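The values are calculated or read from the model by the stated rules, or taken from the named source; none is laboratory data. Note that this is a predicted model, so its numbers are computed, not measured. Glycine also receives a Cβ, built like all others from the backbone with ideal geometry; neighbour counts cover every protein chain displayed.
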Amino acid sequence: MAGAETYVIVGANLAGGRAAEALRARGFAGRIVLVGEEPDRPYERPPLSKGYLQGAYPEEKLFLRPQSYYDEYAIELRLGVRATGLEPAERSVALASGERLRYDKLLIATGTQARRLDVPGGDLEGVYALRTLRDARRLAAALQQAQRVVVVGAGFIGLEVAASARVRGCAVTVLEAAAVPLAHAVGAELGQVCAAIHRDHGVDLRVSCAVQGFRGSERVEQVVLADSTAIACDIVVVGVGVTPAVAWLAGSGIALENGVLVNEYTETSLPDVYAAGDVANWWHPRWGQRLRVEHYDNAQHQGLAAARTMLGEREPYAPVPYFWSDQYDLTLQYVGYAPGSDRMVVRGSVAARSFTAFSLRGDRVRAAFSLGRPRELMAARQLIRAQKPVDAAVLADEGVELRTLAR
């Protein structure tokens, strides 16, 4: 491809992988180089904390494409190598291998990194994080032998790991610093519902507690709380959030703030440089504010949007955010963006765990949380997209078909 344009994608993950696919599918005939710090080709992360940990999801199903796809479509994979710097004046990306990749256009899709718990004993054997396939392989092997598991952090990853460990027969304790799990994501009332689900499945879920450190001789044996309580364990899984992977961009001049700042077209502050996925803090024209979303649906679709922009198609990226979480035999689904809402309307029965809870600002639906009602959630997505006024009593009335309200 001598003389052809070179598009470099840093981040061989869902966003980066889908972007590379879209470039080829939409006719780009130049050189595509996909750089990944992990040794594995692009794969899906959601099953890692669910079926994969439970031994019910084979590893080969995780990957977006077989190796033969990248060979056939001439997508160069540079795996197991980390990007260390960006030189916009030279239009190049520096790699830890010493190589410098020249680009005509660059997509940043480096995602996030798991936060570490900076406490004594945090580096003991048996203390795990779960972000990468390598993490999941190690944790899945450990769960085969473990009897007592402590999960630090009751976010979605922590609770999914807790559910998977219970499915495998482990005794599970979950420690959460906040008073209610997931309150920041779905609100206190719905967070209590999620907490009750885990307690009903035998999880010892403790809230408003802080971890002081870990103890053990050669590997972790106890988790010590701030009140000096010691909890015996075989392994610990730390799930206390993530941070955008942007350290390699220091000194490049690119605008950074809670990730890489981009506009509604995935364009950064640098010419011919774009960003997508968990690392992108983008302007959402529908909400009139910036969002950085750490979920599968956004990573996949924003990667596709970035590819279109790189090819000259200027269409604003303005989705209704969506995510889901599988825990035990239940699927929790959420659509929209709730901050700024002033009330909640529930359709169905929270006690029976079959409901959709709508977050409203005035008479317009901003977000919806559904448990066991997937069809209602899709109708709620239409309501949020349309931003039509709705009557709260009608919204709660199960005799009214939701889809009619969105038309």
Any residue in the stretch 190-215 that is within 28 Å of PHE358 (Cα to Cα) sitting within a Cβ distance under 6 Å of a residue that is basic (Lys, Arg)? List the pairs, counting only those 6 or more apart or interchain. HIS201/ARG166; LEU205/ARG199
Please determine, by comparing only the residues of the stretch 241-278 that are free of Cβ contacts under 8 Å to residues at least 60 places away in the same chain and of a type in the set (Asp, Glu), which one is nearest to PRO181 (Cα to Cα). GLU257
Only one residue in GLY340, GLY348 is outside any helix (DSSP H, G or I), in contact with a Phe, Trp or Tyr (Cβ under 6 Å, 6 or more places away or on another chain) and outside the structural domain of GLN192 (by TED's automatic domain parsing). Which one? GLY348
Keeping to the stretch 258-275, report how many residues are under 13 Å from ALA307 (Cα atoms) and part of a strand (DSSP E or B). 4
Please name all residue pairs, on different chains or six or more residues apart, with Cβ atoms under 7 Å, provided the first residue is in the stretch 72-89 and is among the polar types (S, T, N, Q) and surrounded by fewer than 17 Cβ atoms within 10 Å (Cβ to Cβ) and the second residue is outside any loop (DSSP other than H, G, I, E, B) and at pLDDT 95 or above. THR84/ALA94; THR84/LEU95; THR84/TRP248
I'd like the residue in the stretch 114-150 that is free of Cβ contacts under 8 Å to residues at least 12 places away in the same chain and farther than 23 Å from ARG168 by Cα and, out of all such residues, is surrounded by the most Cβ atoms within 10 Å (Cβ to Cβ). ASP123
Quick check on this structure: which one of ALA136, ALA195 is within 20 Å of the chain's Cα centre (by Cα), at pLDDT 95 or above and outside the structural domain of PHE63 (by TED's automatic domain parsing)? ALA136
Looking at this structure, is LEU190 under 25 Å from the mean Cα position of the chain (by Cα), assigned to a helix (DSSP H, G or I) and not assigned by TED's automatic domain parsing to the domain that holds VAL346? yes
Does the stretch 155-167 include one or more residues that are surrounded by fewer than 21 Cβ atoms within 10 Å (Cβ to Cβ), among the basic types (Lys, Arg) and in contact with a helix residue (DSSP H, G or I) (Cβ under 6 Å, 6 or more places away or on another chain)? no
THR266 vs. criteria at pLDDT 95 or above and not charged (D, E, K, R): yes
Just to check your reading of the model, which residue among ALA368, ALA307 is of a type outside the set (S, T, N, Q), modelled with pLDDT of 90 or more and in contact with a Gly (Cβ under 9 Å, 6 or more places away or on another chain)? ALA368
Got a sec? Which of LEU395, LEU383, LEU360, LEU332 is surrounded by 14 or more Cβ atoms within 10 Å (Cβ to Cβ) and either on the phi > 0 side of the Ramachandran plot or under 20 Å from the mean Cα position of the chain (by Cα) (or both)? LEU332
Only residues that are free of Cβ contacts under 8 Å to residues at least 60 places away in the same chain and of a type in the set (Val, Ile, Thr): list them for the stretch 333-385, please. VAL335, VAL345, VAL346, THR356, VAL365
Take ASP71 and decide whether it is acidic (Asp, Glu) and part of a loop (DSSP other than H, G, I, E, B). no
Got a number for residues in the stretch 219-249 being out of contact with any helix residue (DSSP H, G or I) (no Cβ under 9 Å at 6 or more places or on another chain), crowded, with 16+ Cβ neighbours inside 10 Å and outside any strand (DSSP E or B)? 5
Can you tell which of GLU76, GLU90 is over 21 Å from ALA129 (Cβ atoms), assigned by TED's automatic domain parsing to the domain that holds GLY11, acidic (Asp, Glu) and assigned to a strand (DSSP E or B)? GLU76
Read through the list (1) under 30 Å from LYS50 (Cα atoms); (2) in contact with a helix residue (DSSP H, G or I) (Cβ under 8 Å, 6 or more places away or on another chain); (3) assigned to a loop (DSSP other than H, G, I, E, B), then give the number of the only condition that GLU315 fails. (1)
